[in-house]
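In what follows, a structure is listed as structure tokens, so that the remarks can point back to it.
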Amino acid sequence: MSYSIPKGVFDLFPTTGKVEDEWKLTHHWQHLYEEMRSLSKKYGFEEIVTPIFEKTELFARSIGQETDVVSKEMYTFQDKGKRSLTLRPEGTASVIRTLVERKLYNEMYCHKLFYLGPMFRYERPQAGRYRQFYQFGAEVIGLDSPEQDVELIDLLFTLFQNLGLHNLTVYINSIGNAQCRKNYREALVQFLTPQKNKLSEESQRRLEINPLRILDSKNKEDQKIIANAPTILDFLEEDSKLHFEAVQSLLRIFKIPFKVNTQLVRGLDYYNRTVFEIACGDLGAQDTVAAGGRYDSLVKTLGGPDLPAVGFALGIERLLQIMLAQKCSFKPRPVPLILLIPLGELAKEVCFKLLKQLRVHDISAEMDFSSKKLKHIMKYADKKGFPYISIIGEEELQNEQIKLKHMTTGKEQVILLDQLVLTLINQIQNGI
Ligand code: ATP
Ligand code: MG
């Protein structure tokens, strides 16, 4: 019996033999997590961690019954206590649930939170689309100013810049308030109904239950029809209009290039006013790497006070795939500085003490415990990429000396045993 990984999920590992698996390298993920954590901190965000599963009704209520996520994509199961639970398909609902449940809004008028972690959706697996995927998300609860929307877009844009990405487009739109959307929905249905037969099957179904979603249909025929549809911007009420204008002028001040895309509506029901997506031309069909928007009614819907909120979520797999396609630079794989190789029993004992001493002095080190032939140990050292090795034989020990070899230059030096820590500290200070 052999076991294999379930469909649509993936492992992260420290080495890979295949170029196409390079985005699964653990240290690439760590690199991104570090960038995301430090930039979030710079913008005043604090990390929140919520459970991987929640009561099913939380997602049904917040995301919306008619959305693809809730109607088709959720991993829902019954636990042994007959409760209906769901592996989280996104992060926002849980963040707001925590805020409301713990009444965090009583402490401060504004909360700026970010999260990192896996999400689960039962989708057709393909490049850039998985059943367990990871998101970096940020939410601001309590502020309705356009500056707040732009700060979030700027955080994303800055993150991408710091990572060395190019060829990105920021798309923005406003979907107004509930009344605007109701009026627009009527106009859209009126426009599409006479052409219903020409629409794709999926869009025909959506025409009944969620017509705004037809706007982001990828079907070519649908797109031709939609091109002439009325635009939501003509239906915005005064406040939403002003808000959207302010967002655009603030983006200009921050020199963030953007395009208004009136077909951008987003897949989850809780959005209002500003919605945005960042897409990359180098990603093929799944080209949206981050998306978000305002959701001013969600806190109230989930039983809290009437507090505005705005947020985004970014797909980490897609981000990594673009970075690799664009040959962005990554931090190197972290490798211990030195491998100690004892030859013989006495050397083993000395090495073991030395190993501890190195680590106490903050020098990353490993020791060979295998006692395999030197040839095999050297192969391990080479594969793992240790900058230094030290072969410690009984003969050298009698003179209290050891050999230190620099692996890339091949240069060898003989040093006193008790000088190893100091020598390595010096080497680190001089850039190895
Ligand atoms: P898409 O239109 O690509 O399905 P979405 O609108 O469902 O995206 P959101 O719910 O807004 O996506 O999630 C934000 C980001 O999370 C997406 O832009 C994408 O980068 C990523 N994402 C969403 N679903 C998946 C998935 N199944 N696999 C990998 N990444 C995903
Ligand atoms: Mg989706």
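The values are calculated or read from the model by the stated rules, or taken from the named source; none is laboratory data. Predicted, not measured: the structure shown is a model, and the values here were computed from it. As a convention, Cβ positions derive from the backbone with ideal geometry for all residues, glycine included, and neighbour counts pool all protein chains shown. In case anyone asks, the SASA skips ligands and DNA or RNA and just uses the protein heavy atoms, side chains included. Shrake-Rupley method; radii C 1.70, N 1.55, O 1.52, S 1.80 Å.
From Ile225, Ile214, which residue is in a helix (DSSP H, G or I), β-branched (Val, Ile, Thr) and within 30 Å of Phe59 (Cβ to Cβ)? Result of the check over Ile225, Ile214: Ile214. Of all the residues in the stretch 35-47, those that are touching a residue at least 40 places away in the same chain (Cβ under 8 Å) and assigned to a helix (DSSP H, G or I) number 5.
The residues in the stretch 311-334 that are small (Gly, Ala, Ser) and within 26 Å of Ser94 (Cβ to Cβ) can be counted, and the count is 3. Among the residues of the stretch 284-328, those identified as more than 14 Å from ligand 2 (Cβ to nearest atom), of a type in the set (Lys, Arg) and either touching an Asp or Glu at 6+ places or on another chain (Cβ under 6 Å) or over 30 Å from Tyr105 (Cα atoms) (or both) are Lys300, Lys327.
Here Leu159 meets the list (1) within 22 Å of Leu233 (Cα to Cα); (2) surrounded by 15 or more Cβ atoms within 10 Å (Cβ to Cβ); (3) of a type outside the set (S, T, N, Q) almost entirely, failing just condition (1). So is Ser200 more than 24 Å from Ser71 (Cα to Cα), away from ligand 2 (no atom under 16 Å from the Cβ) and polar (S, T, N, Q) or not? No; evaluated as a whole, the condition is false for this residue.
Residues are listed down the side, and each one gets a yes or a no for (1) in contact with a strand residue (DSSP E or B) (Cβ under 7 Å, 6 or more places away or on another chain); (2) among the polar types (S, T, N, Q); (3) away from ligand 1 (no atom under 13 Å from the Cβ):
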{"site": "Phe133", "(1), (2), (3)": "yes, no, no"}
{"site": "Val150", "(1), (2), (3)": "no, no, yes"}
{"site": "Leu155", "(1), (2), (3)": "yes, no, yes"}
{"site": "Phe160", "(1), (2), (3)": "yes, no, no"}
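Here's a check for you: in the stretch 237-273, which residue that is farther than 26 Å from Leu307 by Cα and in a helix (DSSP H, G or I) is most open to solvent (accessible area, probe 1.4 Å)? Filtering the stretch 237-273 for residues that are farther than 26 Å from Leu307 by Cα and in a helix (DSSP H, G or I), the one most open to solvent (accessible area, probe 1.4 Å) comes out as Arg252. If you go through the stretch 354-384 and keep only what is touching a residue at least 40 places away in the same chain (Cβ under 8 Å), assigned to a loop (DSSP other than H, G, I, E, B) and open to solvent by less than 40 Å² (accessible area, probe 1.4 Å), you end up with just Ile363. Considering only residues of the stretch 364-377 that are closer than 18 Å to Val335 by Cα and either at pLDDT below 95 or of a type in the set (Asp, Glu) (or both), which is nearest to the chain's Cα centre (by Cα)? Step by step, filter the stretch 364-377, then rank; the result is Glu366. Of the residues making up the stretch 213-236, those that are touching a Leu at 6+ places or on another chain (Cβ under 7 Å), of a type outside the set (D, E, K, R), open to solvent by less than 30 Å² (accessible area, probe 1.4 Å) and under 25 Å from Asn272 (Cβ atoms) number 3.
Residues of the stretch 317-353 that are over 30 Å from Leu116 (Cα atoms), open to solvent by 10 Å² or more (accessible area, probe 1.4 Å), in contact (Cβ under 8 Å) with a residue 40 or more places away in the chain and not in a loop (DSSP other than H, G, I, E, B): Pro342, Leu346, Val350.
Residue-level check: of (1) surrounded by fewer than 21 Cβ atoms within 10 Å (Cβ to Cβ); (2) closer than 30 Å to Thr98 by Cβ, Ser200 misses just (2).
Of all positions in the stretch 72-86, at least one carries a residue that is more than 16 Å from ligand 1 (Cβ to nearest atom), open to solvent by less than 70 Å² (accessible area, probe 1.4 Å) and touching a Lys or Arg at 6+ places or on another chain (Cβ under 8 Å).
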